[in-house]
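Visitor: Please read through the structure below; I'll follow up with questions.
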Amino acid sequence: MSITSSKTTTKNAFERIKNGQSGNYRPLKTRYEHFNKISHGGIARQTIITIGGLSGFGKSHTLRELEEDVLNADLNPQSPDKVILVKVDFEMSKEEAILNRVKAMTGKPFSYLMYEEPDDETKLAFNDVYTQLSQNNVYEMYDTCTPDNLFELMDNFCTQHEDKDQIVLTIDNVNLIEQENEGETEALSKLQKNLIDLKLKHKNLSIIQLAQLNRNLKERTDPKFMFPRTSDFFNSSKIEHASDIQIVIHNPYLLGIHEYGVVSVKKFDYLEQFILPKGKWGTFMTEGLVFWHYVKVRAKDDLKTFKDVFIEKVYDAEEEENTSVEENVQDLFG
């Protein structure tokens, strides 16, 4: 820790900006174009990205996809030589991670994958997963630790790899950080402070953390108030303060919600195919859809035209007549 002259800090900052302008550095692209656009190119250095969601709603799956994208040579030609991925998982063992990948590839039940002699297809899948996970530029930690333990470990690790273009640290799930003699709120608050300190100290570090949401998101039944917000995060003020980008991955269909939100069709014209009815006001259909809510983005190009909701289709829903949507919208807006 030191106090440095403005002349020195300005010079160093301009050098890092010029590094990007010259093409020597590019953020790590993901498969999600809306994320790449909102984040000005992808997962950038010195950023903290927080992804929230209700339990079982797909936030861990999304994190696995982003981890794969970080090391995808087609998306990011600089990988694997100049990029390192550090995975901290407080929820899952390595065995569970392997089995989840094989299940996604084969569709076979866990009971078969764990306790039966695998067929040829399954053997190939296990071999593919072994190759995918056996990488020299991927580091992992499955042990629980305190916020200070994690800071010390990552501080030393980043110092040892300061020659790399980018180190991406992923944490699943921050709410499970070891509390030691503190309460859950205090431990989570300390972790957020430590992540900010790591981000500021190590110029090549990016952080993606998963966080749990409060249960009250499940209890909001009025369509006008269904959309998630920053206050839905557990210990929301500390997480919001630390995050450069906050995203909620939401699947309202799993809550039995078929009419999600009340929106201006004009404002959300880029999602018109998912809105019913086609009037001034509408509501989102939900079956087969996962919603990305960007509840905080620190650096926006244009506040007036900023788009904060995007939809990913995971399967095709059966088409059916739904007159109740039109009736409910009329009730809300007359």
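Visitor: What about Ile171, is it crowded, with 19+ Cβ neighbours inside 10 Å, of a type in the set (Val, Ile, Thr), touching a Ser or Thr at 6+ places or on another chain (Cβ under 9 Å) and within 23 Å of Lys296 (Cβ to Cβ)? First the steps, then the outcome.
Guide: Numbers: crowded, with 19+ Cβ neighbours inside 10 Å: yes; of a type in the set (Val, Ile, Thr): yes; touching a Ser or Thr at 6+ places or on another chain (Cβ under 9 Å): no; within 23 Å of Lys296 (Cβ to Cβ): yes.
It is false that Ile171 is crowded, with 19+ Cβ neighbours inside 10 Å, of a type in the set (Val, Ile, Thr), touching a Ser or Thr at 6+ places or on another chain (Cβ under 9 Å) and within 23 Å of Lys296 (Cβ to Cβ).
Visitor: Test Phe291 against the stated conditions and say whether it is at pLDDT 95 or above, open to solvent by 30 Å² or more (accessible area, probe 1.4 Å) and farther than 30 Å from Thr4 by Cα.
Guide: No, not satisfied.
Visitor: For the structure I just gave you, tell me whether Glu162 is surrounded by fewer than 16 Cβ atoms within 10 Å (Cβ to Cβ), assigned to a loop (DSSP other than H, G, I, E, B) and at pLDDT 85 or above.
Guide: yes
Listed here are the residues, each with its yes/no results for (1) of a type in the set (S, T, N, Q); (2) within 20 Å of Val86 (Cβ to Cβ); (3) out of contact with any strand residue (DSSP E or B) (no Cβ under 7 Å at 6 or more places or on another chain).
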| site | (1), (2), (3) |
| --- | --- |
| Ile177 | no, yes, yes |
| Glu180 | no, no, yes |
| Gly183 | no, no, yes |
| Ile207 | no, yes, no |
| Ser237 | yes, no, yes |
| Ser243 | yes, yes, no |
| Gln246 | yes, no, no |
| His250 | no, no, no |
| Leu271 | no, no, no |
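The values are calculated or read from the model by the stated rules, or taken from the named source; none is laboratory data. Predicted model only: the values in this text are computed from it and were never measured. Quick reminder, even Gly has a Cβ in these numbers, built from the backbone with ideal geometry, and neighbours come from all protein chains shown. Note: accessible area is taken over every heavy atom of the protein model, side chains too, but ligands, DNA and RNA are not part of it. Shrake-Rupley method; radii C 1.70, N 1.55, O 1.52, S 1.80 Å.
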